[in-house]
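The values are calculated or read from the model by the stated rules, or taken from the named source; none is laboratory data. The shown structure was predicted, so the numbers you read here are calculated from the model rather than taken from an experiment. Note that we place each Cβ from the backbone using ideal geometry, even for glycine, and neighbour counts take in every protein chain shown. Accessible surface areas use protein heavy atoms only, side chains included; no ligands, DNA or RNA. Shrake-Rupley method; radii C 1.70, N 1.55, O 1.52, S 1.80 Å.
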Amino acid sequence: FGPSCARRARWAGSRAPCVDRRRHRLPLVQAETGMTTGVMSSQYAKLQVAQEDIKGFQGAEQHEHQRRFYEVCMVFRCKTSKFVQDPDMDKDVTGLQEADPEDKKKMELWKQRREAILRSLQNCGLHIFCYYSRDRDEVLVKVGAPPQKLRDTAARMKYKLQLKKQYLNAYAEYRHDFPGRPERGLKDRRVISHIYKTHTEDDFPDSDSIFKSLDKISIIHRIVTSKDKDCAGINIGKLLHDGELLAYFPLHDANTIAELKMNKLQWFLMPEEFANKIHNYFGDRIGFYFLFMAFYWKWLVPIGLIGLGLQCIDLLVQTPDNITAIPFCILMSIWATCLPFFWRRQEAKYAIGWGTLDLIDNLEPCRPEHHGDPRINPVTAQVEPYFPFEKRAWFYLQSTAAMLVAGLSTVFIISLLILARHKMRGIVAWELWLFQFGMVATVELLNSLLTKLARWLTNRENHRTQSEHETHMLAKVMIFKFINSYFVLYYTAFFKNHSYLFAEPMECWQDDCFEDLSWQLAMFVFFRMTFSNMFSVLQPKVALWWRSLFVERRTVGSTLHLALSGRTPLELADMSAAEQQSKKDIYDEFQNFDEILLSHGFATFFAVSSPWVCFATLAASLVHIFLDMRTLMDGQQRPVPVRARTNEPWNTAFDVFGVMAASTNIILLIFTSDQYDSWTFTEKLVLFIYLEHMVLASRLLLKVVFPATPRNVELLQLKQEYMVHRCLENIKVEQNNDFGGMFRDRHADQVEVFEHDIFERDEQDDVEPTLQLWESGQIMLRGLQAEAARFLMRSS
């Protein structure tokens, strides 16, 4: 059933795919690469699928670039081990171990749960295709949705789609066309399907072409996880946490991945068109991350080149403590303060293009790890775990105490290393380089341990949502790594010279703390550029070696060959594309931003002592972009897209680091360098207070002059809101009103013009009467006098 048939179907006006998907909902076959071998007997399928239909299905799969039928993949566990025999599906397979009663009971329970989940997916209108993995120990389920299901769900959840260019590329909620009511003469008819942008180059687009791949994944994920009408309501997080579901991820599109790989240079330059491609494929969070990386290295270019030039001057004068330190300190303070402000403005420009500038926070679901007493959520009316704040406050206290102990222990360990270096000075050859290298290695090891401790403490606090969990995790990691990574630098800069450590007199190298600080900082940067990047490349291979040796039970020789070369084509030869993706690691945005933030601190906190560090950070950023690009496309699963307006809470973290960098450089210049030795301490303190207030004033001035949302972005947002309102309500704008029709139309009644407003009331009628005895008595007296006069006149 080739492309010519598909073309004829489109010419005939058919919107359905060429292959009848209803006949392929629950076939369970051996592997996706071997579907022509026939259909295996299974309780999943109640319909027998003919072999010629399978061939036709394969033909449609070969032309998947015209119409992708499946977007999401779920991987279920079906056996306790690939070496264990399943009585239902491995009857004719030899060489497998017979399962013990406990394993049989467990596999039967998995099977029942799996069947219930698949029936739920099928009942809510999703298309699914099931097949065994290569080793027959897993069941892979590809999930897709028909066009009408996508439209109905998008209309129900008020999902926003991009409009065409003539409608300013705005984003508007999807609505069905309304044919109108006959009793009103079809005057309320609304046809708005033409306003949505089609994401295809075909002259005859499919009925679901208004949905990008990103939109389809988001809508299908909503159908799978939500408990709304016609949704499955499956708790994916809990299934993953319990181990019944091994993986849940969107499927990669080979054509899009190949296109992104061809444009490697664009990952660094990040033009608007390419940034939109990354966003349309990976989602908001990853799009903003690579946009920030491109913005970051471009901002590092001028400061890095200036730092490289100043470093040459420092080499000529043989010390970084020279006259150039003053202007570079001021420049670095301004640079570190301005970076977050201008990034937020750049972020807003892309946020309005991606339809997230007006994004509001919605009610997040519970984390699968969240536990507590079952209670009814007052918002959703659903039963979910409830953990009172009083109990969490107790864990907050424990976390604070643990962080205090861990921080003091870290300071103690680093202080011992500093003392050991002082004791062994002149005894060990190359003692300066060896101890600085050992210091850096110890700091990196402690960073890894402290990150695990922060994760453990955050898990104990039992936060309800993922955003709360990540925010508290970030706060702990920042505190831990700030103390661990920068303590030795702060100590060298401000406290080491002519001081005592454990009753031992300390002094800087060659009595120049700037020089001592610059060498220690250089070792940190060198170690992170080489060994840390090398570890990030080798870590997946080591994990693969461990899994192959102890989980897959391979020999040592084949395991070493596999670990050194990675997964060979022979290793993946019998695996389908979806199964290969399921074996990859899960994308971790936290780790990427964490590394960049730490490197940013090394580049800005003590830049006065080592101006070249800015250029080294520039080179490290480019290497980081390359490694992240390769890992994202080749080494990790495609992440489930998450809507986001900004990079928060990382924007705030960079903002805090900017203030700390400005303060640190000012203190280092005034109190540590020799530029102000002739000044008294009071004069230095006054200068420091003055410069700090200048930094705070400049931050306030930046917020006023350069707001986070530029004026042109705000204007475009107002225009888009007005355009969306017109389009959704079918409001026609008439530029020139024709009043001649009013005079030509004589069918209406004449309008009567009154002399005054008959509905207007006298204000005096509304005055409230008051009792006045004196005036009432006078009026009564005058009345009596008038009566008496009239009586006398009648009598006479």
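Out of the range 388-408, which residues are over 16 Å from residue 478 (Cα atoms) and either in contact with a Leu (Cβ under 9 Å, 6 or more places away or on another chain) or among the aromatic types (Phe, Trp, Tyr) (or both)?
Of everything in the range 388-408, those that are over 16 Å from residue 478 (Cα atoms) and either in contact with a Leu (Cβ under 9 Å, 6 or more places away or on another chain) or among the aromatic types (Phe, Trp, Tyr) (or both) turn out to be 389, 394, 395, 396, 398.
In the range 61-97, how many residues are modelled with pLDDT of 85 or more and either in contact with a Cys (Cβ under 7 Å, 6 or more places away or on another chain) or of a type in the set (Ser, Thr, Tyr) (or both)?
Number satisfying all stated conditions: 1.
So residue 390 passes all but one of these: (1) out of contact with any strand residue (DSSP E or B) (no Cβ under 6 Å at 6 or more places or on another chain); (2) open to solvent by less than 100 Å² (accessible area, probe 1.4 Å). Which condition number does it fail?
(2)
Which one of these is free of Cβ contacts under 8 Å to residues at least 60 places away in the same chain and closer than 30 Å to residue 725 by Cβ: 167, 174? Walk me through how you get there before you give the answer.
Values: 167 fails: free of Cβ contacts under 8 Å to residues at least 60 places away in the same chain.
Among 167, 174, only 174 is free of Cβ contacts under 8 Å to residues at least 60 places away in the same chain and closer than 30 Å to residue 725 by Cβ.
Test of understanding: among 258, 247, 154, which residue is out of contact with any Asp or Glu (no Cβ under 6 Å at 6 or more places or on another chain), open to solvent by 30 Å² or more (accessible area, probe 1.4 Å) and hydrophobic (A, V, I, L, M, F, W, C)? Spell out the reasoning first.
Values: 247 fails: open to solvent by 30 Å² or more (accessible area, probe 1.4 Å); 154 fails: open to solvent by 30 Å² or more (accessible area, probe 1.4 Å).
The unique qualifying residue is 258.
Among the residues of the range 475-497, how many are modelled with pLDDT under 90 and under 23 Å from the mean Cα position of the chain (by Cα)?
Taking the range 475-497 as the starting set, the residues that turn out to be modelled with pLDDT under 90 are 492-497.
The next check asks that each one be under 23 Å from the mean Cα position of the chain (by Cα); those that pass are none.
Matching residues across the range 475-497 total 0.
Between a first residue in the range 269-287 that is under 14 Å from residue 633 (Cα atoms) and a second residue that is assigned to a helix (DSSP H, G or I) and open to solvent by 10 Å² or more (accessible area, probe 1.4 Å), which pairs have beta carbons less than 7 Å apart while being 6 or more apart in sequence or on different chains?
Listed pairs, sorted by first residue: 281/213; 281/256.
Please identify the pairs in which a residue from the range 204-228 that is at pLDDT below 95 and of a type in the set (Phe, Trp, Tyr) has its Cβ atom under 8 Å from the Cβ atom of a residue that is in a loop (DSSP other than H, G, I, E, B) and open to solvent by 10 Å² or more (accessible area, probe 1.4 Å), counting only partners at least 6 apart or on another chain.
The qualifying pairs are 211/199.
Quick check on residue 713: is it under 30 Å from residue 168 (Cβ atoms), open to solvent by 70 Å² or more (accessible area, probe 1.4 Å) and in a helix (DSSP H, G or I)?
On the way: under 30 Å from residue 168 (Cβ atoms): yes; open to solvent by 70 Å² or more (accessible area, probe 1.4 Å): no; in a helix (DSSP H, G or I): yes.
Here the answer is no, as residue 713 does not meet what is asked.
Out of 448, 409, report the one residue that is under 27 Å from the mean Cα position of the chain (by Cα), more than 30 Å from residue 643 (Cβ to Cβ) and either open to solvent by less than 20 Å² (accessible area, probe 1.4 Å) or free of Cβ contacts under 8 Å to residues at least 24 places away in the same chain (or both).
448 is the lone residue from the list that is under 27 Å from the mean Cα position of the chain (by Cα), more than 30 Å from residue 643 (Cβ to Cβ) and either open to solvent by less than 20 Å² (accessible area, probe 1.4 Å) or free of Cβ contacts under 8 Å to residues at least 24 places away in the same chain (or both).
Got a number for residues in the range 452-467 being β-branched (Val, Ile, Thr) and either in contact with a Gly (Cβ under 8 Å, 6 or more places away or on another chain) or at pLDDT below 90 (or both)? Working first, answer last.
Restricting attention to the range 452-467, the residues satisfying the condition of being β-branched (Val, Ile, Thr) are 458, 465.
With either in contact with a Gly (Cβ under 8 Å, 6 or more places away or on another chain) or at pLDDT below 90 (or both) added as a condition, the list becomes 465.
Number of matching residues: 1.
Which of the residues that make up the range 204-230 are open to solvent by less than 30 Å² (accessible area, probe 1.4 Å) and of a type in the set (A, V, I, L, M, F, W, C)?
We begin by selecting, within the range 204-230, every residue open to solvent by less than 30 Å² (accessible area, probe 1.4 Å); these are 207-212, 214-220, 223-224, 226.
210, 211, 214, 217, 219, 220, 223, 224 - these are the residues of the range 204-230 that are open to solvent by less than 30 Å² (accessible area, probe 1.4 Å) and of a type in the set (A, V, I, L, M, F, W, C).
For the range 470-487, check the following and say yes or no: at least one residue is in contact with a strand residue (DSSP E or B) (Cβ under 6 Å, 6 or more places away or on another chain), open to solvent by less than 60 Å² (accessible area, probe 1.4 Å) and touching a residue at least 40 places away in the same chain (Cβ under 8 Å). Write out each step before concluding.
Step one: of the range 470-487, the residues in contact with a strand residue (DSSP E or B) (Cβ under 6 Å, 6 or more places away or on another chain) are none.
No, there is no match, as no residue in the range 470-487 is in contact with a strand residue (DSSP E or B) (Cβ under 6 Å, 6 or more places away or on another chain), open to solvent by less than 60 Å² (accessible area, probe 1.4 Å) and touching a residue at least 40 places away in the same chain (Cβ under 8 Å).
For the list (1) surrounded by fewer than 14 Cβ atoms within 10 Å (Cβ to Cβ); (2) touching a strand residue (DSSP E or B) at 6+ places or on another chain (Cβ under 7 Å); (3) of a type in the set (D, E, K, R), I need the number of the one condition that residue 201 fails.
For residue 201, the failing item is (2).
Residues are listed down the side, and each one gets a yes or a no for (1) modelled with pLDDT under 80; (2) closer than 30 Å to residue 355 by Cβ:
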{"residue": "721", "(1), (2)": "no, yes"}
{"residue": "728", "(1), (2)": "no, yes"}
{"residue": "731", "(1), (2)": "no, yes"}
{"residue": "741", "(1), (2)": "yes, no"}
{"residue": "748", "(1), (2)": "yes, no"}
{"residue": "752", "(1), (2)": "no, no"}
{"residue": "758", "(1), (2)": "yes, no"}
{"residue": "775", "(1), (2)": "no, no"}
{"residue": "779", "(1), (2)": "no, no"}
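Given the criterion modelled with pLDDT under 90 and open to solvent by less than 60 Å² (accessible area, probe 1.4 Å), identify the matching residue among 605, 535, 550, 590. Can you show your working first?
Values: 605 fails: modelled with pLDDT under 90; 535 fails: open to solvent by less than 60 Å² (accessible area, probe 1.4 Å); 550 fails: open to solvent by less than 60 Å² (accessible area, probe 1.4 Å).
Matching residue, one of 605, 535, 550, 590: 590.
Quick one: in the range 629-643, which of the residues that are at pLDDT 90 or above, hydrophobic (A, V, I, L, M, F, W, C) and under 20 Å from residue 218 (Cβ atoms) is surrounded by the most Cβ atoms within 10 Å (Cβ to Cβ)?
Step by step, filter the range 629-643, then rank; the result is 632.
Take residue 238 and tell me if it is modelled with pLDDT under 90 and open to solvent by 40 Å² or more (accessible area, probe 1.4 Å).
Values: modelled with pLDDT under 90: yes; open to solvent by 40 Å² or more (accessible area, probe 1.4 Å): yes.
Here the answer is yes, as residue 238 does meet what is asked.
For residue 140, which of the numbered conditions (1) open to solvent by 10 Å² or more (accessible area, probe 1.4 Å); (2) under 26 Å from residue 83 (Cβ atoms) fails to hold?
Residue 140 satisfies every listed condition except (1).
When you go through 668, 622 one by one, which is the residue that is aliphatic (A, V, I, L, M), in a helix (DSSP H, G or I) and more than 26 Å from the chain's Cα centre (by Cα)?
Working: 622 fails: more than 26 Å from the chain's Cα centre (by Cα).
Just one listed residue meets the conditions, 668.
Scanning the range 164-192 for residues that are at pLDDT 90 or above and part of a helix (DSSP H, G or I), which turns out nearest to residue 717 (Cα to Cα)?
Checked the range 164-192; the qualifying residue nearest to residue 717 (Cα to Cα) is 167.
I need a count of the residues in the range 330-382 that are in contact (Cβ under 8 Å) with a residue 60 or more places away in the chain and within 15 Å of residue 717 (Cβ to Cβ).
14
Just need a number here: residues in the range 675-699 that are part of a helix (DSSP H, G or I) and loosely packed, with under 12 Cβ neighbours inside 10 Å. Please lay out each step first, then the result.
Step one: list which residues in the range 675-699 are part of a helix (DSSP H, G or I), which gives 681-699.
Add one more test, that the residue is loosely packed, with under 12 Cβ neighbours inside 10 Å, and what stays is 681-682, 689-690, 693, 697.
The total comes to 6.
Among the candidates 265, 291, 269, single out the residue that is of a type outside the set (Phe, Trp, Tyr), closer than 19 Å to residue 641 by Cβ and at pLDDT 90 or above. Quick ask: steps written out before the conclusion?
Details: 265 fails: closer than 19 Å to residue 641 by Cβ; 269 fails: closer than 19 Å to residue 641 by Cβ.
Checking each option against the conditions leaves just 291.
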